[in-house]
Amino acid sequence: MLNCGFYHFDGDIGQIILILNSDNRVKYAEENHKVYPTSESHFDKQYYLENTGQLVNNISGISGIDIDWVSAKNFYDNDWFQKNIVKVAVIDSGLNWSNNDEFNGSNLLFNQGELSGTFRVDDDGNGWIDDILGWNFLDDNFIISDTYGHGTQVASLIAAYADGRGMQGIASNVKILPIRLFGSPNEEHADITKLTYSLLYAAEMGVDIINLSLRWPFSNLLKVTMDVIEGGNILVICAAGNSRDNIDINPSYPASFDNANIISVASINQDGNLSYFSNYGINSVDIAAPGENIYAADVRREAVYYEDFNLNNISGWFSGSEGGDLSNYTWNINANNELNDGSGSTQNYSYNTNTWARSPPIPLSLNGSRLSGPELEISLKYDIESFNFYTGEQYDYFLVEASSNGTSWQQIPLAKLGGSSNGLYVTKKYSLSDFEYAPSLILRFRLVTDHLVNRGGVEIDYVRITGVQAQTEDSTHYTFTEGTSFSSPIVAGVAAMIMSISPELEPSQIKQFLINNATPLASLNGKVAAGGIVNAFNSISSIYNAKSMRIMYSIDMIDWNEWKVLDAYDNYNLSEYYISMSNVTSSPSVDYKLFDLKILGKDNSGNEYQILNSYKHVTSSGYQFNFFSNLISDKCFFKLEYN
């Protein structure tokens, strides 16, 4: 029979435990220590944080193949450390944040100079108008909505908000700066100049860490930019790449650059083996982290509008023409339920055409909730006179335009077609980011031709508009994914934990801490410099040990009004001191073992403060204290008081 009890005492718990354990009727007495939460509702799917061999997405692994996050988090959450905010730029596909429970604002890096400013005005004068939360270098605007999911997945691994729902981010005390550089595979991607601007913008915004889950061909401009970033003491975490190459031989950039501030990351699976897709290279790749079967927050696209031009249910579409139109046709719907320019599939369009078909107003919301990242999808085939080889101008072209009021129209970026689809239907996707905050829009398809050559024209099979719906705890808003793209943010999260408690460390020092404290794996010998995977607990505890030069000081006489002076022999702003008191006398005479003693500190200006994070251990003859000084000084002043 188990006979136990739980009691609450307001006194000195150490003294009470000592008394209870000296009673032979008591088996043992111990403090009811705080247990730190280590899981969100989906925590068991995040084997990379804690791998017990559990089945994840129908795949089991080997227990212990993880980053030892639970131990690291419990250690990190102690009062021993002063926690600093770490700013992390994620240069990626943007972020689904306004409709996402994992990003509640507290873990986002808002630009205070624009947050309360005037719309369409560069209030902070940095050259980027309304960059309230990062910048979209793909579309050159302030809308950083993620239409693809990659950036949201990466950012959630680093810093998903812990609220008991959904997934667990690796690092707290982090603020994410989302920078949109690319979209889905169907969208235009940025060039090296825009990547350079993205990096320099991140530096300008004062970030501490940049995550680059991307790869690029070698570029002198990129190398020079990375040198600038290194000079700014910014840590850069790079995905090693997914082409199964030894990048010592076949470099992948920026992971292969030799800058001291770059950490290049390979991928392993749940069994601790190098992933089948992962790049490697003992000279170019620094460390590995889990990168297969990775659970992360995602975006979910929902259709808010779909039209297949079935004559039985179509409504609201009509056609017309612009000035200068001399054609004989107007847009219509044929017997095959296709919207076409009026010429049909058996004859060519007219010369000097300027005709259009337009939709009814299309709400950009679903169930009363605004969608972010609206995107247009069109299935069509076309045969249009192509562009002038010498001037680059198109003779005839098909345009997609949009309007929020039906009066002023703007061309959808990239939605200007010429040439031929060779008689096949093709699917085109276009970002509608300019209408991100519009309640609705109207589409207009327009054919413009000259007086020289005519061709078959345009036939549209269907039109669909989608957007990203509000994030919920529903698992459909999360995904399992793979790639070194997701190994990189795992290392970035651990690096952010280190930087939070040791902001004075150089990027190269953090890199070395991570390499030196990696969990060795035989499968990674000769593959990565560390020979293992990132270990959060080993890395953080090694920081603690390096910062905690324990300085002993013995007391045999207490003068309650006297300041003691201790020398500190390290250069950190956190040193640990042990004060041992045994069989001491005091003036005035006080049985200090019966009182709650306080340790007071004094800064270099003589101001007193109570050292709150002190720990008292009862011995048979006295006390032993250990406490921390947070002064950047070569001396620690202290004195003892009693209540």
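The values are calculated or read from the model by the stated rules, or taken from the named source; none is laboratory data. It should be emphasised that the depicted structure is a prediction, and the values quoted were computed from it without experimental measurement. Backbone-built Cβ (ideal geometry, glycine too); neighbour counts: all protein chains shown. Note: areas computed on protein heavy atoms with side chains; ligands, DNA, RNA excluded. Shrake-Rupley method; radii C 1.70, N 1.55, O 1.52, S 1.80 Å.
A few notes on this one:
- Every test in (1) of a type in the set (Phe, Trp, Tyr); (2) more than 26 Å from Asp227 (Cβ to Cβ); (3) surrounded by 18 or more Cβ atoms within 10 Å (Cβ to Cβ) is passed by Tyr276 save one, and that test is (3).
- Only a single item in (1) open to solvent by less than 20 Å² (accessible area, probe 1.4 Å); (2) of a type in the set (D, E, K, R); (3) at pLDDT 95 or above is not met by Lys547, and it is number (3).
- Residues of the stretch 55-85 satisfying the condition of being surrounded by 15 or more Cβ atoms within 10 Å (Cβ to Cβ) and either in a helix (DSSP H, G or I) or touching a helix residue (DSSP H, G or I) at 6+ places or on another chain (Cβ under 6 Å) (or both): Val56, Ile67, Asp68, Trp69, Val70, Ser71, Ala72, Lys73, Asn74, Phe75, Tyr76, Phe81
- Among residues that are open to solvent by 10 Å² or more (accessible area, probe 1.4 Å), modelled with pLDDT of 95 or more and out of contact with any helix residue (DSSP H, G or I) (no Cβ under 9 Å at 6 or more places or on another chain), Lys527 is included.
- Test result for Asn104, in contact with a Pro (Cβ under 6 Å, 6 or more places away or on another chain), touching a residue at least 12 places away in the same chain (Cβ under 8 Å) and of a type in the set (S, T, N, Q): no
- Residue in the stretch 254-266 that is in contact (Cβ under 8 Å) with a residue 60 or more places away in the chain, surrounded by fewer than 24 Cβ atoms within 10 Å (Cβ to Cβ) and over 30 Å from His477 (Cβ atoms) present: yes
- Looking only at the stretch 89-136, residues that are farther than 17 Å from Ile176 by Cα and surrounded by 15 or more Cβ atoms within 10 Å (Cβ to Cβ) come to 8 in all.
- Ser431, sole failed condition from (1) small (Gly, Ala, Ser); (2) under 32 Å from the mean Cα position of the chain (by Cα); (3) modelled with pLDDT of 85 or more: (3)
- Ile378 being crowded, with 18+ Cβ neighbours inside 10 Å and closer than 30 Å to Val468 by Cα: yes
- Listed by first and then second residue, the pairs linking a residue in the stretch 408-430 that is open to solvent by less than 70 Å² (accessible area, probe 1.4 Å) to a residue that is in a loop (DSSP other than H, G, I, E, B) and among the small types (Gly, Ala, Ser), with Cβ atoms under 9 Å apart and 6 or more places separating them unless they lie on different chains, are Gly418/Ser386; Gly419/Ser386; Ser420/Ser386; Ser420/Gly456; Gly423/Gly456; Lys429/Gly183; Lys429/Ser184.
- Restricted to the stretch 507-524, and to residues there that are part of a helix (DSSP H, G or I) and in contact with a Gly (Cβ under 8 Å, 6 or more places away or on another chain), the residue that is most open to solvent (accessible area, probe 1.4 Å) is Ser523.
- Looking across the stretch 195-204, the residues that are aliphatic (A, V, I, L, M) and surrounded by fewer than 21 Cβ atoms within 10 Å (Cβ to Cβ) come down to Leu200, Ala203.
- When residues of the stretch 205-250 are limited to those that are of a type in the set (Gly, Ala, Ser) and in contact (Cβ under 8 Å) with a residue 60 or more places away in the chain, the one most open to solvent (accessible area, probe 1.4 Å): Gly206
- Unique match (being buried (at least 19 other Cβ atoms within 10 Å of the Cβ) and small (Gly, Ala, Ser)) among Ser319, Ser372, Ser315: Ser372
- Yes/no for Glu401 being under 23 Å from Thr330 (Cβ atoms) and more than 39 Å from the chain's Cα centre (by Cα): no
- Any hit, the stretch 382-398, residues being of a type in the set (A, V, I, L, M, F, W, C), open to solvent by 60 Å² or more (accessible area, probe 1.4 Å) and at pLDDT 85 or above: no
- Of the candidates Leu138, Leu95, Leu133, the single residue that is touching a Leu at 6+ places or on another chain (Cβ under 9 Å), part of a loop (DSSP other than H, G, I, E, B) and either under 25 Å from Ser41 (Cβ atoms) or aromatic (Phe, Trp, Tyr) (or both) is Leu95.
- Those strands (runs of 3 or more DSSP E) of the stretch 298-377 that lie entirely within it include none in which at least 3 residues are among the acidic types (Asp, Glu) and at pLDDT 90 or above.
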